[in-house]
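Have a look at the structure below before the remarks.
Readers should treat all values here as calculations from the given coordinates under stated rules, not as data from a laboratory. Worth saying up front: this structure is predicted, and the values here are computed from it rather than measured. Please note: Cβ atoms are built from the backbone with ideal geometry, for glycine as well, and neighbour counts cover all protein chains shown.
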Amino acid sequence: MPLIKRLPKILFFLFIVRPVVYLMLGLNVQQRELLPTKGPAILAANHNSHLDTLALMALYPLSALHRLRPVAAADYFLRNRFTSWLSLNLIGIIPLDRQGQVDKDKVFEQCQQALGDDQILLLFPEGSRGDPEQLQPLRKGIYHLARCHAGTTVTPIALHGLGRALPKGGSMIVPFNCDVVIGSPLTPGEDCETFMGELQQALESQLASCITRREVNEDLN
């Protein structure tokens, strides 16, 4: 993609997203070096806040943003003309219709095309935001998607604190320190259940190492 077409996205992240993520929130990032730099690859993160997508994208160099394609809820990110334009043009989402009005196969095709173009998908295998900082059961769609293209890796990423910074139903960002823990990439094998168990175990282990989670547990004790 020519630089002139990428420029609005670069400026948006440079002057708006990064200041919010790094200055207002503050991220404790562990093992950043494990982030994939090119596709086909999938980032699989737990999901507690609409800040999750922007926080993950902010981890990448500005020059690599065009390779990232978040799969995001259409009912939120396309809820009006302004957010639709921003989400499609500056964030580059693949819209997922959770209301069942759009054929899921079309979304799957867009994801396949992105992987075929060596892009990096950002997926939340829980499917939707759950209770703050609580890992929900994972859906198996990520396995079947990763199996579509040979060489696709799945990198588990644990997020903690963003559910407090912008909780479900909230509209104001509250300054909190947050954790991002990147795990070693997984390669889906022949058995779906085995892979899903590995992904679940990886996310649970990474969540346990979050600094802010340990602080919360210590306060409760």
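List of remarks:
- The condition of being within 30 Å of residue 201 (Cβ to Cβ), of a type outside the set (Gly, Ala, Ser) and more than 16 Å from the chain's Cα centre (by Cα) holds for only one of 107, 29, 21, that being 107.
- Some residue of the range 93-101 being surrounded by 16 or more Cβ atoms within 10 Å (Cβ to Cβ), β-branched (Val, Ile, Thr), in a loop (DSSP other than H, G, I, E, B) and touching a helix residue (DSSP H, G or I) at 6+ places or on another chain (Cβ under 7 Å): yes
- Here residue 42 meets the list (1) in contact (Cβ under 8 Å) with a residue 40 or more places away in the chain; (2) crowded, with 20+ Cβ neighbours inside 10 Å; (3) more than 11 Å from the chain's Cα centre (by Cα) almost entirely, failing just condition (3).
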